[in-house]
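The values are calculated or read from the model by the stated rules, or taken from the named source; none is laboratory data. Quantities reported herein were computed from a predicted structural model and do not represent experimental measurements. Quick reminder, even Gly has a Cβ in these numbers, built from the backbone with ideal geometry, and neighbours come from all protein chains shown. Ligands, DNA and RNA are excluded from the accessible area calculation, which covers all protein heavy atoms including side chains. Shrake-Rupley method; radii C 1.70, N 1.55, O 1.52, S 1.80 Å.
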Amino acid sequence: MQNKIVKNCVVTLDYTVTDPDGAVIDDGRQPLVYLHGGYDGIFLRLEEALHGKKVGDNLKVKLPPEEAFGDYDEKLIAVEDAEMFPEDAEVGMAFERVSDAGEILYRITDIADGKVVVDGNHPLAGISLIFDMTVTAVRAATEEEIAHGHIHDEDSDDDEDGEHRGHLVH
């Protein structure tokens with residue numbers, strides 16, 4: 001049984017995420033399970049901090065915005081005519097737009113007086129995040145998991161939407 005976090009192992013974490021004021025961002029109701037070793041399953045700095053840790057180890061890591069969901073960019077906010085949107089558009093709806101920078105997910109943040117405000121920033125952009133993590137399990141990854149670059153559920157050939165797998169990434 002593997003106990004130490006090294007490249008090509010599957011790590012299970014109990015965790016919570018708070019902002020600097022202590023407000024809970026993610027209560028970690030379900031454990032985070034990811035493939036360790038540069039597969040983009042979690043933020044790079046978290047993976048670096050976890051490397052070499054063992055089952056039972058607990059650590060807190062504070063990520064500034066630029067290492068989490070990025071700085072808040074005012075240029076990603078736009079006010080547009082409501083006519084450009086479906087009649088059933090409502091605050092909270094999200095949609096993708098393709099630009100020179102690639103695909104950006106926008107959210108509707110306000111609708112008033114025939115105008116719609118859209119925001120292309122991640123909801124957590126501009127916020128430092130504090131991760132409190134405890135390593136609860138470590139196992140060797142299978143050859144198939146390593147080849148695919150993500151973990152697989154024991155019950156299926158390919159786990160694309162498992163419980164919080166790869167949750168802590170951009």
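For the pair region 56-112 / region 132-150, the C-alpha centres are spaced 30 Å from each other. On a per residue basis, the convex hull of the C-alpha atoms belonging to region 1-74 measures out at 107 Å³. Which net charge results for the neighbourhood of Pro64, defined as the other residues with beta-carbon distances under 11 angstrom from its beta-carbon, given Lys and Arg at +1 and Asp and Glu at -1? Counting the neighbours of Pro64, the net charge comes to -1. Share of Cα-Cα pairs in region 83-131 beyond 15 Å, in percent? Of the Cα pairs, 52 percent sit more than 15 Å apart. A dipole drawn for the chain from +1 and -1 charges on Cβ atoms has a positive end, and of Ile77, Val91, Ala140 the residue lying farthest that way is Ala140.
Largest GNM mean-square fluctuation across Met84, Met93, Met133, computed for the chain with C-alpha springs under 10 Å, falls on Met84.
Kindly report the accessible area of the chain per residue (heavy atoms of protein chains, probe 1.4 Å, no ligands, DNA or RNA), in Å².
Working: 10090 Å² over 170 residues.
Accessible surface, normalised per residue, equals 59 Å².
Rounded to the nearest 20, the size of the Cβ-charge dipole of the chain about its Cα centre is 1180 debye, with Lys and Arg at +1 and Asp and Glu at -1.
Just want to confirm a number: the relative contact order over the chain, from Cα pairs under 8 angstrom separated by 6+ residues, in percent. The partial results should precede the final answer.
Values: 333 pairs, mean separation 61.5, N = 170.
Relative contact order here is 36 percent.
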